[in-house]
Structure formats: structure tokens, C-alpha cells
Amino acid sequence: MSDTGAAPAHESRAGADAPQQTERRKPTVRRRRGGPGMFWSVLAWVVGIGFFFPVLWMVLTAFKQEGDAYTDPPKLFFTPTLDQFSAVLDSGIGTTLLNSTFATAVSTILVLLLGLPAAFALSLRPVRRTQDALFFFIGTKMLPVVAAIVPLYVIVGDIGLLDNIWALVILYTAMNLPIAVWMMRSFFLEVPSELLEAASMDGASTWTGVREVILPLVSPGIAATALICVIFSWNEFFFAVNLTAVQAQTIPVFLVGFITGEGLYWARLSAAAVLTALPVVLAGWIAQNKLVRGLSFGAIK
């Protein structure tokens, strides 16, 4: 009887000591995890600020007078002004914005219309010599652009599209189509082919199954592909500067106009760059949810 009564007392003492030991160990575990985590967090913030600082400095310079933009050391405290933005808007940026918007939007739509069927055929419904087709697509990106500009200039001139926005639309479509096919194919490959088979067994046609089942699943990837095509087309300079002059001038060519023999207008150029970057930044901000899902599509099973 004495042994029976002693066992519960021992277990009660051990149970009373267990929470104290657990509470003593918790701070040690937290300190071990918090050390490296804090270091990487601080490092990430430093790297992020380092990458963002040129953009911040460009925005600050856009609100300066030209005299304040040239000071050495740079002025951190100044009286903000909108004179540079007014000068840029008065210099004819509206036409170039329309040209860039038209070329970017139309070329991106054409890339999606042509790239979606190709990516679908090369993933869920592969054709013969699929790998050869893929390498052909990506091989067109290996040729340096400067090596093709002379024959392109001759061809564009012969068909009467010099200084015509449609020439840029065609070239931007051809430029972005290989990358779009490769990206969208990787997104289609993450979709189980059994879904399309199940839709066909329920009586849905191939087009209905793709539209109702496949496209909603890969829509984040399509959005990411479209945004990358928009960025590439919006920032393209080489084709635009060689194949356009006045009527089809785009934003990158317009920005070069601020580099003159009189000098470089830093404040005005910064204001023009801010206005130029706003449409792409807004597009990325609007599509940020789908963009993040698209870039990480298939990373987590």
C-alpha cells in the first residue's frame, strides 16, 4: 500500500517540474532561431533598399530644378516643383505614349493569341518533333538583334512600313512569341492531362474543355507572361530608334531626346522617366496577385 501511494506522488512531482523545464527551454530555442532569421531579414532589407534607391533618387530628382539636380554634393533638402513635369508634357510626350501603348497592347494580344495554341499543342497535346519545335522557337532569340537590323530595315522599307507603328507591332510580336510559348508551355505542363480527359468524358469538346477547365487554372501564368511581354515591348529601344523617326516614335526614343549638345537635363529626364514608368508600374500593381501566383505556379505541390 505504501508503494501504491508513493507512485502518484512521484508522478505529480515530475508533472509539476515538467512545465517549468519546458518554460526554461523555450527562450533558448527562440534565441537560436531568432539569430540567423534576424540577420537574413536585415540583409534582405538592405538589399531591397539598395535596389530601390536609384528609383527613389530618380523620383526625387524629377521634383527638382535643373540647378538643384547638378549640385555636388547632391541636395537632399529642396523646394519641390512640378515645372519639369509640365515641360515634359508640353514637349509632346502624349503622341509617343499613344504609340508605345498601341504597339505594346496589340503585340501582347497577338502573342497570347498565337502562343496559347502553340503552348497547348506542345504540352498537353504534343505534336511530332516537339523538342525540335521548342528549340526552333528559342533559337530565334539567339541571333543578335544588331546582326538582323540591316535586312529588317531593307524589308520594312520595301513594304512601306518605315516610321509606321505596325512595323513595331510585327517585330514586337515576333520578339516576344518564343519566350511566351516557353513560359506558357511550362504552365500547361503543371495541369494534369486527366482533367481534359474527364471533361471530354462528360461530353465537352476540346475547345470547351480548354476554355472552361484549363485556361482558368493557368490564368495566373498567362497574366505573368503577358506582363513580361508588356515590359519587353514597352522598353524596347533598338528597333524603335532605327525604324522610326517622327510618326511612330516610342517612349524610349523620346527619352533620348533629352540628351542634347547643350548638356544632359537631369531633372527633366527624370520627370520623363517617371511618367514613362508609371503605366508599367500600374499594370504590375493591378496584376500583382496573378503575377505572384503565375511566377510561383507549380513550385508547391
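The values are calculated or read from the model by the stated rules, or taken from the named source; none is laboratory data. Quick caveat: nothing in here was measured; it's all calculated off a predicted structure. Positions of Cβ are backbone-derived with ideal geometry, glycine not excepted, and every protein chain shown enters the neighbour counts.
Remarks
- Members of region 139-162 that are part of a loop (DSSP other than H, G, I, E, B) and touching a helix residue (DSSP H, G or I) at 6+ places or on another chain (Cβ under 6 Å): Thr140, Lys141, Leu161, Leu162
This table checks each residue for (1) of a type in the set (A, V, I, L, M); (2) closer than 26 Å to Glu236 by Cβ.
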site	(1), (2)
Asp158	no, yes
Leu168	yes, yes
Ser200	no, no
Ala204	yes, no
Gly209	no, no
Val213	yes, no
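- Filter result (over 23 Å from Cys229 (Cβ atoms) and either part of a helix (DSSP H, G or I) or charged (D, E, K, R) (or both)) within region 114-131: Arg125, Arg128, Arg129, Gln131
- Residue in region 267-280 that is surrounded by fewer than 16 Cβ atoms within 10 Å (Cβ to Cβ), at pLDDT below 85 and either of a type outside the set (D, E, K, R) or under 18 Å from Thr108 (Cα atoms) (or both) present: no
- On inspection, Ala180 qualifies as among the hydrophobic types (A, V, I, L, M, F, W, C), in the same structural domain as Gly139 (by TED's automatic domain parsing) and part of a helix (DSSP H, G or I).
- Of all the criteria given as (1) at positive phi; (2) touching a helix residue (DSSP H, G or I) at 6+ places or on another chain (Cβ under 9 Å), the one not satisfied by Thr130 is (1).
- Enumerated helices (runs of 4 or more DSSP H) restricted to region 184-266, each holding at least 3 residues that are closer than 30 Å to Ser91 by Cα: 215-235, 238-243, 251-256
- Within region 106-141, being closer than 21 Å to Asn235 by Cβ, modelled with pLDDT of 85 or more and either loosely packed, with under 14 Cβ neighbours inside 10 Å or not hydrophobic (A, V, I, L, M, F, W, C) (or both) holds for Ser107, Thr108, Gly115.
To keep it simple, each residue is scored yes or no on (1) surrounded by 14 or more Cβ atoms within 10 Å (Cβ to Cβ); (2) among the small types (Gly, Ala, Ser); (3) more than 30 Å from Tyr153 (Cα to Cα).
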{"residue": "Ile170", "(1), (2), (3)": "yes, no, no"}
{"residue": "Pro178", "(1), (2), (3)": "yes, no, no"}
{"residue": "Trp182", "(1), (2), (3)": "yes, no, no"}
{"residue": "Pro192", "(1), (2), (3)": "no, no, yes"}
{"residue": "Trp207", "(1), (2), (3)": "no, no, yes"}
{"residue": "Arg211", "(1), (2), (3)": "no, no, yes"}
{"residue": "Pro220", "(1), (2), (3)": "yes, no, yes"}
{"residue": "Phe232", "(1), (2), (3)": "yes, no, no"}
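- Filtered residues of region 86-102 (kept if under 13 Å from Leu278 (Cβ atoms) and either under 26 Å from the mean Cα position of the chain (by Cα) or surrounded by fewer than 16 Cβ atoms within 10 Å (Cβ to Cβ) (or both)): Leu89, Ile93, Leu97, Ser100, Thr101
- Taking every residue in region 207-226 that is in the same structural domain as Ala119 (by TED's automatic domain parsing) and pairing it with any residue that is among the β-branched types (Val, Ile, Thr) and surrounded by 20 or more Cβ atoms within 10 Å (Cβ to Cβ), at least 6 positions away or on another chain, the pairs with Cβ-Cβ distances below 6 Å are Ile214/Val191; Leu217/Val191; Ala226/Thr108.
- Residue tally, condition surrounded by 11 or more Cβ atoms within 10 Å (Cβ to Cβ), more than 19 Å from Val274 (Cα to Cα) and at pLDDT 90 or above, over region 39-85: 0
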